[in-house]
Amino acid sequence: MEGVSEVLMNIILLGAPGAGKGTQAIKIAKAYGLQHISTGDMLRAEMAKGTELGRRAQGYMQSGQLVPDDLIIAMIMERFDGLGQKGMLLDGFPRTVAQAEALDKRAKVDAVINLTVPEDVIMTRICGRRVCPACGGTYHISRDDPKICRACGGELVQRPDDNPETVKKRLDTYLSQTAPLVDYYAARGILHSVDGSISIEYGFMKISAILEKLKNR
Ligand code: AP5
């Protein structure tokens, strides 16, 4: 594939809601030939299909809480079973210490990229986000057409959990349950913090510099 340097690393993208994990994940996965695994996207797909898991997850997601660990761990382990020989880019998993411990038993994590963004920036980003249900494209009303996906022509929508009240709850949930993973991975010497408030392109350059160093170790 042109422009792709495939690597067999397993990378985690960590960060608060709206930090830019999904946006960077698409670029990184493409550039490094990694399998992009987003637990948020997987859960939304289950909801759209009306599965038992989707029904159980819906209430948690729409109120800004985490879906219980046992459901998430079972879902992600099943996903890992179907993976071939490719490095993984985990977006939105793990989100609790219990999930990180379950991952440790299953796969070696090479690096954790922690995107840091101030709270006021997060609120503006998430409340202005529009997504394409057809291809997963992510846009923002401040710089993109708010209605039509430029990648596939699909109609853009606002996620039901992208409103100020739910975002506040998601941020609280992040601070109490996910932020402890920063210390968890720092203690293992694999945490790399990147300023997520810089431009998308500059952020991608910074992340690429980290991955290039790892690749050449
Ligand atoms: P999930 O879908 O993972 O949502 P999230 O973590 O809250 O993250 P977001 O998708 O909101 O933000 P993002 O960091 O990907 O930002 P994005 O790139 O889109 O999870 C949803 C729910 O599912 C959870 O609340 C939970 O209930 C459940 N769930 C999922 N995983 C779970 C797990 N492991 N355990 C338990 N429950 C789980 O960017 C946001 C906006 O900003 C976009 O408009 C984008 O264009 C813009 N933007 C991005 N970067 C920049 C930049 N550098 N400059 C300017 N604008 C930017």
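Odds and ends about this structure:
- Descending semi-axes in Å of segment 91-196, equivalent ellipsoid built from Cα gyration tensor: 30, 17, 13
- Overall, the accessible surface of segment 114-217 at a probe of 1.4 angstrom is composed of carbon and sulfur to the extent of 55 percent.
- Solvent exposure of segment 5-75 amounts to 41 Å² per residue of accessible area, where only protein heavy atoms count and the probe is 1.4 Å.
- Take 80-87, 205-212 and order them by the average number of nearby Cβ atoms within 10 Å per residue, most first; the result is 205-212, 80-87.
- Gain in span if fully extended, residue 56 to residue 80, counting 0.36 nm per residue against the direct Cα distance: 6.5 nm
- Under a Gaussian network description of the chain, with springs only between Cα atoms under 10 Å, the residue in 112, 121, 67 that fluctuates furthest is 121.
- Efficiency of FRET from Cβ geometry, residue 172 and residue 195, R₀ 22 Å, rounded to 0.05: 0.45
- Among 49, 168, 105, residue whose mean-square fluctuation peaks in a GNM of the chain (springs only between Cα atoms under 10 Å): 105
- For peptides 16-23, 171-178, 144-151, sequence by mean Cβ density within 10 Å, most packed first: 16-23, 171-178, 144-151
- Taking 0.36 nm per residue of sequence separation and removing the Cα-Cα distance, the residue 108/residue 155 pair yields an extension gain of 13.0 nm.
- Taken one residue at a time, the phi angles of segment 159-173 give Karplus couplings (6.51, -1.76, 1.60, θ = phi - 60°) of 5, x, 8, 9, 10, x, 5, 6, 4, 4, 5, 4, 5, 4, 4 Hz. Gly and Pro are set to x.
- Per-residue HN-Hα couplings for segment 188-196 [Karplus 6.51, -1.76, 1.60; θ = phi - 60°; Hz; x = Gly/Pro]: 8, x, 10, 8, 10, 8, 10, 5, x
- Taking 4.7 Å between beta carbons as the limit, the unpaired Cys residues of the chain are 127.
The values are calculated or read from the model by the stated rules, or taken from the named source; none is laboratory data. All of these numbers come straight from a predicted model, not from anything done at the bench. Neighbour counts run over all protein chains shown; Cβ positions are idealised from the backbone, glycine included. Please note that ligands, DNA and RNA were not included when accessible areas were found on the heavy atoms of the full protein model with its side chains. Shrake-Rupley method; radii C 1.70, N 1.55, O 1.52, S 1.80 Å.
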